[in-house]
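Remarks on the structure that follows.
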Amino acid sequence: MTTNQSWGGRFAEGPRKAVAAYTDSQSFDRALYAQDIRASQAHARMLGRQGIITPDDASTIVAGLERVREEIASGVFVWKPELEDVHMNIEARLTELVGEAGKKLHTGRSRNDQVGLTFRLFVSERLEAWQYGLATVCYALLCRAQEHRDTILPGCTHLQPAQPVSLAQHLLAYAWMFRRDWQRLKDALKRVRISPLGAAALAGTTYPLDPQSVANDVGFAAVYDNSMDAVSDRDFVLEALFAASTVMMHLSRICEEIILWANPAFGFVRLPDGFATGSSIMPQKKNPDVAELMRGKTGRVYGALMSLLTVMKGLPLAYNRDMQEDKEGFLDADATLGASLQLMAGLLNELRFCPDRMREACKVGFCNATELADYLVGKGVSFREAHHITGQAVAAAEKAGKGLEDLTLDKLRQFNPCIDADVYSVLDYAAAVRRRETPGGTGPQSVQRQIQALRVWLKEVHAD
Ligand code: ARG
């Protein structure tokens with residue numbers, strides 16, 4: 001193989017075929033072409049402004065890069081594996097197109113700071129896309145919550161029926177998780193949007209660069225503080241992957257609930273046909289594959305995070321080629337998360353909830369037992385005593401195959417004579433939900449306040 005035209009000066013022969021294949025990254029980092037071109041155009045303009053290259057050369061480069069962009073976008077661009085990566089493929093084509101001026105683009109720059117800026121631009125755009133996806137999921141949750149303010153189901157602890165809650169409250173719990181994820185991304189973006197350009201290979205450069213103006217040009221507010229840190233920092237990718245992992249973890253939890261709820265033993269939801277699959281052997285099956293796969297794909301996103309943490313842990317300053325391993329994991333995580341958010345919003349929009357089954361489950365689970373205990377406390381019984389009495393009532397109801405509210409007053413009074421007819425309104429599941437108006441509780445006013453707060457937030461971020 002011939003020597004590389006960008007760095008082959010000191011080499012008598014090119015890399016072995018297997019070496020070229022092993023070090024190649026253009027096969028995947030070509031996904032970053034638009035950001036690489038944007039960064040290079042900003043660099044060229046700065047070189048022109050600073051008088052490092054002539055204004056003519058600067059505009060020739062900027063226009064030439066525009067042509068390269070069009071070639072890539074339209075698919076006519078010929079990618080060359082021997083040129084290693086996206087950066088050198090683009091620069092080589094630029095020089096073919098515009099001649100001498102193209103060879104001046106790399107003045108005062110190294111691929112080390114170049115790839116840093118390119119990838120930061122890319123990650124920053126993806127984080128914004130994830131934020132949009134999260135807002136879409138929150139909106140779907142909000143709509144379904146609004147619709148199901150009066151639907152009641154057993155809230156669980158230990159996956160055992162505990163106390164009745166509204167379906168709205170249950171769905172809103174996820175909306176708050178996804179809102180925190182959105183905020184986590186917003187915070188991470190502050191650290192992603194820092195330009196490393198000007199750090200050059202690792203030590204800065206002798207050319208009179210103006211790194212801040214490059215940052216401004218690409219829409220970043222800040223520049224690096226230390227050139228060695230600038231070219232070797234990948235914590236911006238790690239933060240993004242951690243945020244992505246947390247979103248996937250939240251998605252996976254809601255998937256787990258959908259899977260359980262779709263089981264006929266629960267029967268709380270019916271899957272929309274478009275989001276379910278059948279079995280090739282069991283005709284009755286309707287499988288929640290989308291939710292299962294989303295739960296499963298969570299592992300790949302965690303994998304990308306763990307893999308990059310491991311890549312980085314032993315690296316001495318400054319740039320090391322190991323860091324090229326930051327991209328495939330991120331690209332995979334991005335594709336996984338993007339599709340998952342989109343599908344979750346669709347699934348939530350179309351999921352059919354079954355309020356009757358949910359209400360029935362409250363009865364089977366004795367979700368009003370705490371109400372009886374609290375009722376007894378109201379009549380002057382100590383809480384421990386009330387707890388014990390209620391336990392006895394539950395055991396009796398269970399034996400009779402009834403809910404507590406189905407026991408006659410006489411029967412209930414056998415457990416404690418201070419129980420009166422007013423107990424039935426207390427045992428009502430909906431009433432139990434209505435009474436829980438502590439801030440953030442499942443009471444209808446609290447739920448309405450949550451819906452309102454999330455709605456205001458969604459309006460704000462859509463206007464963002
Ligand atoms: N493809 C490389 C990466 O993704 C670009 C930087 C290479 N720099 C170098 N000096 N070999 O990290």
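Evaluate 2.2 N^0.38 Å with N set to the residue count of the range 93-202, then give the Cα radius of gyration divided by it.
Numbers: Rg = 24.0 Å, N = 110, 2.2 N^0.38 = 13.1 Å.
Compactness ratio reported: 1.83.
How large, in Å, is the range 66-147 by the Kirkwood hydrodynamic radius built from its alpha-carbon pairs?
Numbers: mean 1/r = 0.0632 Å⁻¹.
So the Kirkwood estimate lands at 15.8 Å.
What are the lysines whose alpha-carbon lies under 29 Å from the alpha-carbon of residue 363, with same-chain residues fewer than 8 places away excluded?
Leaving aside lysines fewer than 8 places away in the same chain, those within reach of residue 363 are 285, 286, 379, 399, 402, 411.
For the ranges 408-417, 299-308, what's the packing order if you count other beta-carbon atoms within 10 Å of each residue, average per peptide, and put the highest first? Provide the component values of the computation, followed by the final result.
Numbers: 408-417: 14.0, 299-308: 18.9.
Put in order of decreasing packing, that is 299-308, 408-417.
Cut-off is 10 Å between beta-carbons; in what order do 327, 285, 186 appear when sorted fewest neighbours first? Could the numbers behind the result be given before it?
Values: 327 21, 285 11, 186 15.
The most exposed by this proxy come first: 285, 186, 327.
In Å, the Kirkwood hydrodynamic radius of the range 266-380 over pairs of distinct alpha carbons? Walk me through the numbers before you get to the answer.
Working: mean 1/r = 0.0531 Å⁻¹.
Taking the inverse mean of 1/r over all distinct Cα pairs, the range 266-380 comes out at 18.8 Å.
Write down the Kirkwood hydrodynamic radius of the range 422-464, to one decimal in angstroms, obtained as one divided by the mean of 1/r over all alpha carbon pairs. Walk me through the numbers on the way to the answer.
Values: mean 1/r = 0.0846 Å⁻¹.
One over the average 1/r among Cα pairs gives 11.8 Å for the range 422-464.
Cut-off is 10 Å between beta-carbons; in what order do 292, 405 appear when sorted fewest neighbours first? Intermediate results must be reported in sequence, preceding the final value.
On the way: 292 15, 405 19.
Ascending number of Cβ neighbours within 10 Å: 292, 405.
Taking the highest mean first, how do the peptides 110-120, 211-221 order by number of other beta carbon atoms within 10 angstrom per residue?
Numbers: 110-120: 24.5, 211-221: 18.4.
Descending packing order for the listed peptides: 110-120, 211-221.
What does the helix-only formula give at 222 nm for the chain: each DSSP H stretch with n ≥ 4 adding -39500 (n - 2.57), the total divided by the residues, and the result rounded to the nearest 500 deg cm²/dmol? Write down the numbers at each step before the final one.
Details: 19 runs with 291 residues, N = 464.
Rounded to the nearest 500, it is -20500 deg cm²/dmol.
Mind checking the log10 I(q)/I(0) for the chain at q = 0.07, 0.11 Å⁻¹? Debye, one equal scatterer per Cα, no solvent, two decimals.
Rounded to two decimals, the profile gives -0.53, -0.93.
So for each of 25-36, 371-382 I average, over its residues, the number of other beta carbons within 10 Å; can you give me the resulting order with the highest mean first?
For the peptides 25-36, 371-382, the packing ranking is 25-36, 371-382.
How would you rank 239, 257, going from fewest to most other Cβ atoms within 10 Å of each one's own Cβ?
257, 239
Sort by residue number and report every cysteine in the chain with no other cysteine beta carbon within a distance under 4.7 Å.
138, 143, 156, 255, 354, 418
With helices defined as uninterrupted DSSP H runs, which ones in the chain have an alpha carbon span along their own long axis of at least 20 Å and mean Kyte-Doolittle hydropathy of at least 1.6?
Working: long enough: 33-49 (24 Å, -0.72); 55-74 (29 Å, -0.21); 111-147 (54 Å, 0.02); 167-192 (38 Å, -0.42); 235-262 (40 Å, 1.12); 289-312 (35 Å, 0.52); 326-350 (36 Å, 0.14); 383-400 (25 Å, -0.23); 444-463 (28 Å, -0.43).
Going by DSSP H runs, there are no hits.
Please compute, for the alpha-carbon atoms of the range 372-437, the extent along each of the three principal axes and give them in descending order in Å.
Cα spread of the range 372-437 along its principal axes, largest to smallest: 33, 25, 19 Å.
If every alpha-carbon in the range 9-117 counts as one equal scatterer, what log10 I(q)/I(0) does Debye give at q = 0.10, 0.15, 0.18 1/Å?
Log10 I(q)/I(0), no solvent term: -0.29, -0.64, -0.89.
Where a number appears in this text, it was derived from the coordinates with a stated rule and is not lab data. No experiment lies behind these values; they were computed from the predicted model shown. With ideal geometry, Cβ positions are generated from the backbone for all residues, glycine too; neighbour counts draw on all protein chains shown.
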